[in-house]
Amino acid sequence: MAERKHLLDVDDLEREDVENVLETARSFSEVLRRPIKKVPSLRGKTVVNLFYEPSTRTRMSFEVAAKRLSADVMNFTTSTSSVEKGESLKDTALTLEAMGVDAVVVRHPVAGAPWLLRQWLQAAILNAGDGMHAHPTQALLDLFTLKDRLGELEGKTIAFVGDILHSRVARSGIKACRAMGMEVLAVAPPTLLPPVPLEGVETGYDFDAVMPRCDALYMLRIQKERQKEGRFPSLEEYTRLYQLDARRMGKARPNVVVMHPGPMNRGVEIAAEAADAPHAAITAQVAAGVAVRMAVLFMLLGGGEGGERIA
Amino acid sequence: MRGLPDLVVKGARVMDPFNRIDEPMDVLVSRGRVAALSADLEAEGREVIDAQGLVLAPGFFELHAHLREPGREDAETLRSGLEAALRGGYTAVCCMPNTMPPLDNATMVEGVAARAGELGLADLYPIGCISRGREGRELAEMALMHLSEARVRAFSDDGSGVADAALMRMALQYVSAFGGLIISHAEEPSLSRGGQVNEGAVSTAMGLRGIPALAEEVMLARDLLLAEETGSRLHLAHVSTARSVRMLREAKERGVPVTAEVTPHHLLLSENDIDGYDTVFKVNPPLRTSEDVQALREAAADGTIDAVASDHAPHTVEDKEKEFDFAPFGMVGMESTLPVLYTGMVEAGAIDLMRLLELLTSGPAGVMDLRPPDYGAGISEGARADLVLIDLQREWTLDAFAFASKGRNCPFHGLRVKGKVLCTLKNGKTAFRAANVGGG
């Protein structure tokens, strides 16, 4: 990890790197429980949150993470809707480069945008979600949460349920879970699955049938426009077939872990009784987000191995 | 042509698909025409090109180029595009009508044709729109474009498919009155909408919306049925999938009056060649699977596909240097077609050199139903001296920044290739000559 400069997707990381991030995140999560939740590790470093998509949650998580490490943080939030009039991605990148920033955390509605930035910038690039493509820090915080709940992940089974086709959370999450030796199921109506099966993933359409096999259930957000695109006939029908509700929870393993990347559509992909049950690790995911992003920032920007890492 | 000295091209291997010639000969060019072919011509008093070890062929015919004039002269002009053609060995070019405004009426096509005539570079054959404004709603004035000075003989809404089946049917019926050709850009918009790359493993891995092979195949199947029913001639632009090839082959066997073209990039590149998120590889139809590539190569070899067309589509650097979804589709091709196909098809053993030359000359001429004196006399006595001289031994590195085209969006940039156009003669005049050609 020491020689790695960017985090664009989880396949940038070896399993050893993942273990390393999770271990570092664990130390940082202790820092976050102290009365003074700040360490000087990245003092003098500048981190820019470059967000082309509204995402208060992810941006705040990165911002808090960087500030806890004493980095200077700048937020650059814009939209691509005025892209014809606005500055090109390249010119924005060159501007940031000229300002001498150390890391750029980028969220962009178009897949691959972080890869373009990497060509134009010397700074470390952290992908905070690109199009339908990748969301590596989400995958890492999900692993952190899963490990916390399930212990060893090898051989455990997780089902990703819902809009796999359009989900960067699922794409990166599935890769990360596979890398840790988990069995991965993808459960969705056929119109919300990728055009070709994902490697090493078992595909199913029947949520109830796979329920008893799962150690973890990862519920994906359903965007209302998918119904308008005609990918399923109605939210009611979707809900009937794929919502995680109390009835379905009754068929699950007693210690099943329920996860969701947020923000939830309560009453669509997940019912309140599932979201608020003790099985739910959804707020734990948010907490893990800060620690994991601290770990990633630290490992990409913090310089030398170990040593002064947690002051 | 008076005043030009006579020219002897000495010792070239003359390869002419029109007249089935493949032998070493001297060729005398006089007053813009081929005046004599013979084993040994007297050189005295004449300009001589020493062409020992070189191939002399008829100038190539480009079926499908976007020259961007009018409207996007920052991306290409008639001048830069037709100069690019000459450098690529083409002496005649069809330009697609998706300009701004589109070439959908007689005045527009005459304007473009007249301007090209003044330039005196490669010949220009404008293609007219099928529908007014290229909007797919009502027929454009195709007969008036045909009767105009531009003599438009082929029509296409290239850039988008004609989604309305009734309109396509009427277009096919209508042009049969004057022998016009309808060119189908087969793309069903409801299936391709929002797509960026071929739908499948690569689109999934890249997180990009896919353009399914079906988007082409559904409309292509429809257009084959419409051509069969109306009996009108149909040409299929940039065929890109194995199933399209299969349907085309079956239609030809049934006697449907259909021809088809394939691009160099669809013959040589697959979706697996998309490098990172480099938008130079963003093209429509998209680069498909390696199975599709294989089927296209076989179809180009066995005659199912009639012609190679480069689908030359220049874009400015700033338009291409964008997020993948925001960059326009298209690649430039005219200056790389010969070397990449010689290297990737002939040297690779997929086709022989004569077949490659057919795909670049007699194939497209057949599609456009062109005859002498317009195009197609080949290298015969009295033929217009539109000729290309090729060095097949020359190894070199393709450099898009050295192109005459304004477009730099060439997926083969930096590729080591074999085969180079050394000289292009247009009406007997040296219209392009590579810097380091030997001669007398």
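Run down B:Ala166, B:Ala150, B:Ala205, B:Ala227 and say which single residue is in contact with a Phe, Trp or Tyr (Cβ under 9 Å, 6 or more places away or on another chain) and either in the same structural domain as B:Glu261 (by TED's automatic domain parsing) or within 28 Å of B:Leu370 (Cα to Cα) (or both). Walk me through it before giving the result.
Details: B:Ala166 fails: in contact with a Phe, Trp or Tyr (Cβ under 9 Å, 6 or more places away or on another chain); B:Ala205 fails: in contact with a Phe, Trp or Tyr (Cβ under 9 Å, 6 or more places away or on another chain); B:Ala227 fails: in contact with a Phe, Trp or Tyr (Cβ under 9 Å, 6 or more places away or on another chain).
Result: B:Ala150 is the single residue among B:Ala166, B:Ala150, B:Ala205, B:Ala227 that is in contact with a Phe, Trp or Tyr (Cβ under 9 Å, 6 or more places away or on another chain) and either in the same structural domain as B:Glu261 (by TED's automatic domain parsing) or within 28 Å of B:Leu370 (Cα to Cα) (or both).
Picking from B:Gly207, B:Gly194, which residue would you name as being surrounded by fewer than 20 Cβ atoms within 10 Å (Cβ to Cβ) and within 14 Å of chain A (Cβ to nearest Cβ)?
Numbers: B:Gly207 fails: surrounded by fewer than 20 Cβ atoms within 10 Å (Cβ to Cβ).
Going through B:Gly207, B:Gly194 in turn, the sole match is B:Gly194.
Buried (at least 18 other Cβ atoms within 10 Å of the Cβ) and in the same structural domain as A:Ala295 (by TED's automatic domain parsing): does that describe A:Ala98?
Values: buried (at least 18 other Cβ atoms within 10 Å of the Cβ): no; in the same structural domain as A:Ala295 (by TED's automatic domain parsing): yes.
Considered against the rule, which asks whether it is buried (at least 18 other Cβ atoms within 10 Å of the Cβ) and in the same structural domain as A:Ala295 (by TED's automatic domain parsing), A:Ala98 comes out as no.
Among the residues of region B:309-318, which ones are touching a residue at least 24 places away in the same chain (Cβ under 8 Å) and surrounded by fewer than 18 Cβ atoms within 10 Å (Cβ to Cβ)? I'd like the intermediate steps shown before the answer.
Pass one, region B:309-318, residues touching a residue at least 24 places away in the same chain (Cβ under 8 Å): B:309-317.
Result: B:Thr316, B:Val317.
So is A:Gln138 without any contact (Cβ under 8 Å) to a residue 24 or more places away in the chain, touching a helix residue (DSSP H, G or I) at 6+ places or on another chain (Cβ under 9 Å) and within 14 Å of chain B (Cβ to nearest Cβ) or not? Full working, then the answer.
Working: without any contact (Cβ under 8 Å) to a residue 24 or more places away in the chain: no; touching a helix residue (DSSP H, G or I) at 6+ places or on another chain (Cβ under 9 Å): yes; within 14 Å of chain B (Cβ to nearest Cβ): yes.
For A:Gln138, the condition - without any contact (Cβ under 8 Å) to a residue 24 or more places away in the chain, touching a helix residue (DSSP H, G or I) at 6+ places or on another chain (Cβ under 9 Å) and within 14 Å of chain B (Cβ to nearest Cβ) - is not met.
In the list A:Ala113, A:Ala124, which residue meets the criterion of being modelled with pLDDT of 95 or more, within 27 Å of A:Ala170 (Cα to Cα), more than 14 Å from chain B (Cβ to nearest Cβ) and surrounded by 17 or more Cβ atoms within 10 Å (Cβ to Cβ)?
Numbers: A:Ala113 fails: more than 14 Å from chain B (Cβ to nearest Cβ).
Just one listed residue meets the conditions, A:Ala124.
Would you confirm whether or not region B:245-258 contains a residue that is within 14 Å of chain A (Cβ to nearest Cβ) and within 28 Å of B:Ala92 (Cβ to Cβ)? Even if it seems obvious, please write down each step before you answer.
Restricting attention to region B:245-258, the residues satisfying the condition of being within 14 Å of chain A (Cβ to nearest Cβ) are none.
No, every residue in region B:245-258 fails to be within 14 Å of chain A (Cβ to nearest Cβ) and within 28 Å of B:Ala92 (Cβ to Cβ).
Identify, please: which residue in region B:263-276 is part of a loop (DSSP other than H, G, I, E, B) and away from every other protein chain (no Cβ under 14 Å) and is, among those, surrounded by the most Cβ atoms within 10 Å (Cβ to Cβ)? It would help to see each step written out before you state the result.
Within region B:263-276, the first condition is being part of a loop (DSSP other than H, G, I, E, B), and the residues that meet it are B:263, B:269-270, B:274-276.
After this cut, where a residue has to be away from every other protein chain (no Cβ under 14 Å) as well, the list is B:263, B:269-270.
Values: B:Thr263: 25, B:Leu269: 22, B:Ser270: 18.
Here the answer is B:Thr263.
Among the helices (runs of 4 or more DSSP H) contained in region B:307-380, which hold 1 or more residues that are more than 30 Å from A:Asp91 (Cα to Cα)?
Values: elements: B:317-320, B:337-341, B:353-360, B:362-368.
Result: B:337-341, B:353-360, B:362-368.
Can you find a residue that is over 22 Å from B:Ala57 (Cα atoms) and surrounded by 23 or more Cβ atoms within 10 Å (Cβ to Cβ) anywhere in region B:338-360? Full working, then the answer.
Quick first cut of region B:338-360, residues over 22 Å from B:Ala57 (Cα atoms) only: none.
So far as region B:338-360 goes, no, none of its residues is over 22 Å from B:Ala57 (Cα atoms) and surrounded by 23 or more Cβ atoms within 10 Å (Cβ to Cβ).
For region B:32-69, how many residues are modelled with pLDDT of 95 or more, part of a loop (DSSP other than H, G, I, E, B) and not polar (S, T, N, Q)?
9
Under 7 Å by Cβ, and 6 or more places apart or on different chains, what pairs join a residue from region B:277-290 that is more than 11 Å from chain A (Cβ to nearest Cβ) with one that is small (Gly, Ala, Ser) and surrounded by 24 or more Cβ atoms within 10 Å (Cβ to Cβ)?
From residues that are more than 11 Å from chain A (Cβ to nearest Cβ), the pairs are B:Pro285/B:Ser240; B:Arg288/B:Ser240.
The values are calculated or read from the model by the stated rules, or taken from the named source; none is laboratory data. This is a predicted model, so every value here is computed, not measured. Don't worry about glycine lacking a Cβ; one is built from the backbone with ideal geometry, like all the others, and counts go over all protein chains shown.
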